[in-house]
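Right, one structure below, let's go through it.
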């Protein structure tokens, strides 16, 4: 049989709501990153014809400018549109159990509403308060994220 040449497609586009306020962190090199979970609702009719709602929770990873913009503009409940690709992480726990998580590495993000700062705190001051948190580099060669 001939070898089939398949194109590899890893493209994710989602609209949903942020499940918690973003918490930004920085690598030792000063690159901003944050992890979020996106809640995506799906309505459907069950076998009896009654409407049901199902929610899927999708983990997201945002880097650099996209992470900073998300920190400045998103909050719990914010609707966002994202584009990215799936990426898996594998590790072993202290109990020698293998773990795997699948997340979306976000390339583009669009905020579908504006953030309202209820506390009256300057968003820039909030961002500056996190600049002292420095973590070890997470991964070399991570591509720059794009903000819409």
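What residue, of 80, 109, is in contact with a helix residue (DSSP H, G or I) (Cβ under 6 Å, 6 or more places away or on another chain) and under 15 Å from residue 17 (Cα atoms)?
Numbers: 80 fails: in contact with a helix residue (DSSP H, G or I) (Cβ under 6 Å, 6 or more places away or on another chain).
After applying the criteria, what remains is 109.
Just one residue in the set 119, 124 is at pLDDT below 95, part of a loop (DSSP other than H, G, I, E, B) and farther than 30 Å from residue 8 by Cα; that residue is 119.
Residues in the stretch 80-87 include none that are touching a strand residue (DSSP E or B) at 6+ places or on another chain (Cβ under 8 Å) and over 17 Å from residue 104 (Cα atoms).
On inspection, residue 28 fails the criterion of being buried (at least 17 other Cβ atoms within 10 Å of the Cβ), touching a residue at least 12 places away in the same chain (Cβ under 8 Å) and in contact with a strand residue (DSSP E or B) (Cβ under 6 Å, 6 or more places away or on another chain).
Looking at the stretch 72-94, which of the residues that are part of a strand (DSSP E or B) and loosely packed, with under 12 Cβ neighbours inside 10 Å is farthest from the chain's Cα centre (by Cα)? Only one residue tops the list, namely 92.
Only one residue in 69, 107, 114, 42 is modelled with pLDDT under 95, outside any loop (DSSP other than H, G, I, E, B), loosely packed, with under 10 Cβ neighbours inside 10 Å and at negative phi. Which one? One residue alone meets the criteria, 42.
The values are calculated or read from the model by the stated rules, or taken from the named source; none is laboratory data. Just so you know, these numbers come straight off a predicted model, no measurement behind them. Virtual Cβ from ideal backbone geometry, glycine too; neighbours counted across all protein chains shown.
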